[in-house]
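The values are calculated or read from the model by the stated rules, or taken from the named source; none is laboratory data. These figures come from a predicted structure and were not determined experimentally. As a convention, Cβ positions derive from the backbone with ideal geometry for all residues, glycine included, and neighbour counts pool all protein chains shown.
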Amino acid sequence: MLAKVNSCSVIGLDGVLIDVEVDIANGLPAFNIVGLPDAAVQEARERVRAAIKNTGLPFPRTRITVNLAPADIRKAGPAFDLPIAVGILLASETIFGNVDNAIFMGE
């Protein structure tokens, strides 16, 4: 299943909208983040996994691909942890809701 969550990144003095697209697919368990993430965003895999497990919700044991779009903008910092977690929970159908008119930022 695919889930799309809106987020934002600050570049200089401007805010840029970032789409966090999460795909859950069958296959060997994996958690990949693509879309020009820096090291802090790559580390979100472990922070998000721990956060979801500590809430008591199940973390999907499937292939998870997170795409941060647009791909030509460098994504930095831990501000994408919350939208990634929300996207995973929506894509795995652990939670339900319409997040089209919301922007998620947090660490």
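Table for the structure above
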read-out: Residue within the stretch 81-100 that is crowded, with 20+ Cβ neighbours inside 10 Å, in contact with a helix residue (DSSP H, G or I) (Cβ under 9 Å, 6 or more places away or on another chain), assigned to a strand (DSSP E or B) and of a type in the set (A, V, I, L, M, F, W, C) present; value: no
read-out: Qualifying residue in the stretch 49-60 (condition: of a type in the set (D, E, K, R), closer than 26 Å to V10 by Cβ and part of a helix (DSSP H, G or I)); value: yes
read-out: Cβ-Cβ under 7 Å pairs, at least 6 apart or on other chains, the stretch 71-97 side over 14 Å from K4 (Cβ atoms), far side of a type in the set (G, A, S) and in a loop (DSSP other than H, G, I, E, B); value: A71/G35; K75/G35
read-out: Failed item in (1) exposed (fewer than 12 other Cβ atoms within 10 Å of the Cβ); (2) over 22 Å from N98 (Cα atoms); (3) modelled with pLDDT of 95 or more, with N32 passing the rest; value: (1)
read-out: Single condition G106 does not satisfy, out of (1) surrounded by 15 or more Cβ atoms within 10 Å (Cβ to Cβ); (2) over 10 Å from the mean Cα position of the chain (by Cα); (3) under 12 Å from C8 (Cα atoms); value: (1)
